[in-house]
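First the structure, in the form of structure tokens, and then the observations on it.
The values are calculated or read from the model by the stated rules, or taken from the named source; none is laboratory data. Please read all numbers here as calculations on a predicted model, not as lab measurements. Cβ coordinates were reconstructed from backbone atoms using ideal geometry, including for glycine residues, and neighbour counts include every protein chain displayed. For accessibility, only protein heavy atoms count, side chains too; no ligands or nucleic acids. Shrake-Rupley method; radii C 1.70, N 1.55, O 1.52, S 1.80 Å.
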Amino acid sequence: MAIMFCVQGIIVTDRFRELERPQTGRLKDVVLMATVTGFESLRFPRKSDMKQFAELFEPLFLGSSNEARRQAAAALSQCQQIPETVAALIGGMPIAIAAIFLTRSKAIADRTLITIIRERGPEHAAAIGRRPNLSPLVVDALV
């Protein structure tokens, strides 16, 4: 309920209660990070865990802020396994979001890296080129 005041003939609404409610975008950021944290905590994710995570991840990731996307990409870059669809989604994002993931993640399949190299710009290829231990197939795609 808003309280209204009249200050020098101008009606002012006291809307401090609105600050207590999480904004829709912020709520999605929180849910995205909780989902990523939950997935990270799985030491050996089962096939059903991977599928469920992929289904939850995409709409949350696409609906979140760029900062939350960067944080999620950085966190997932440390996971040993991630669904291929998730890797492709993050890798296809603008380089400001995708760079750390493309450079560090060991969970990206070579075919996904090659697709990103072919479909995205030179910035994505440069990030992939900084990965340690590139396979001959990925090196050929970079050349």
Residue match in the range 92-100 (condition: among the β-branched types (Val, Ile, Thr), open to solvent by less than 20 Å² (accessible area, probe 1.4 Å) and under 29 Å from Leu27 (Cα atoms)): yes
Residue among Arg104, Arg130, Arg111 that is open to solvent by 70 Å² or more (accessible area, probe 1.4 Å), closer than 27 Å to Val143 by Cβ and under 17 Å from the mean Cα position of the chain (by Cα): Arg104
Arg69 vs. criteria in a helix (DSSP H, G or I) and at pLDDT below 95: no
Qualifying residue in the range 14-31 (condition: open to solvent by less than 30 Å² (accessible area, probe 1.4 Å), of a type outside the set (Val, Ile, Thr) and modelled with pLDDT under 95): yes
Hits in the range 36-69 - residues which are among the small types (Gly, Ala, Ser), more than 13 Å from the chain's Cα centre (by Cα) and open to solvent by 40 Å² or more (accessible area, probe 1.4 Å): Ser41, Ser48
